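A.B. asks: First, the structure itself, so that you have it in front of you.
The values are calculated or read from the model by the stated rules, or taken from the named source; none is laboratory data. Quantities reported herein were computed from a predicted structural model and do not represent experimental measurements. Cβ placement follows ideal geometry from the backbone for every residue including glycine, while neighbour counts extend to all protein chains displayed.
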């Protein structure tokens, strides 16, 4: 690594350790924090140098797609999931139908550990807008990985559409007789109590990603 600066050696070392521990690559934000770099743009600049020198390969169409090419690097095992929109109050939840999976052309793709998908079909991802689930470690701007389903077991985190209010929400669902309780994970917020026939489950959360580069 004589051609590399100390910072670039730290980046390569961190990427290798991260992939070795988790079998998927870190985000640019994680590299920035771990290597104590001033900004993500500086990380990106150094990654471009590492790519030019043949130390890594990147796919800019896919989040987290960094592959080590030098000896000792391990090719990460990942599954690719489309990010198809945002879950936010007042907006329909963008759930692909059986017909749209064939022609889905998402703005972004997200790489996740394969055990997060675990052979499920119709898995997609949504950006989260709002802080109703912060105590479940899902913050505003995070990405949740969803399994498309119209069912949700008590206690599961689901994307629900409130029909009368025309509002989308990400909450834990509890069916209590003829009532559904949509419970936030934020002590400053009250649960939503509504008739069962007013709630349409459109997906359940199977994983969450804190940072996207």
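A.B. asks: Limited to the stretch 17-39, what total is found for residues that are surrounded by fewer than 16 Cβ atoms within 10 Å (Cβ to Cβ) and in a helix (DSSP H, G or I)?
C.D. replies: Matching residues across the stretch 17-39 total 6.
A.B. asks: Follow-up. Considering (1) within 25 Å of residue 196 (Cα to Cα); (2) under 12 Å from the mean Cα position of the chain (by Cα), say which one residue 141 fails and leave the rest.
C.D. replies: All conditions are met except number (1).
Quick grid of which residues meet (1) closer than 20 Å to residue 112 by Cα; (2) surrounded by 15 or more Cβ atoms within 10 Å (Cβ to Cβ):
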site	(1), (2)
136	yes, yes
143	yes, yes
154	no, no
170	no, yes
181	no, yes
190	no, no
195	no, no
201	no, yes
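A.B. asks: Having 2 or more residues that are within 17 Å of residue 86 (Cβ to Cβ) is the bar; report the strands (runs of 3 or more DSSP E) wholly within the stretch 110-213 that clear it.
C.D. replies: The strands (runs of 3 or more DSSP E) meeting that bar are 123-128, 143-147, 157-162, 167-176, 199-209.
A.B. asks: For residues in the stretch 166-181 being touching a residue at least 24 places away in the same chain (Cβ under 8 Å) and over 20 Å from the mean Cα position of the chain (by Cα), which is nearest to residue 146 (Cα to Cα)?
C.D. replies: Restricting to residues being touching a residue at least 24 places away in the same chain (Cβ under 8 Å) and over 20 Å from the mean Cα position of the chain (by Cα), the top hit is 173.
A.B. asks: Which count do you get for residues in the stretch 49-72 that are surrounded by fewer than 17 Cβ atoms within 10 Å (Cβ to Cβ) and either modelled with pLDDT under 75 or under 30 Å from residue 161 (Cβ atoms) (or both)?
C.D. replies: Of the residues in the stretch 49-72, 7 are surrounded by fewer than 17 Cβ atoms within 10 Å (Cβ to Cβ) and either modelled with pLDDT under 75 or under 30 Å from residue 161 (Cβ atoms) (or both).
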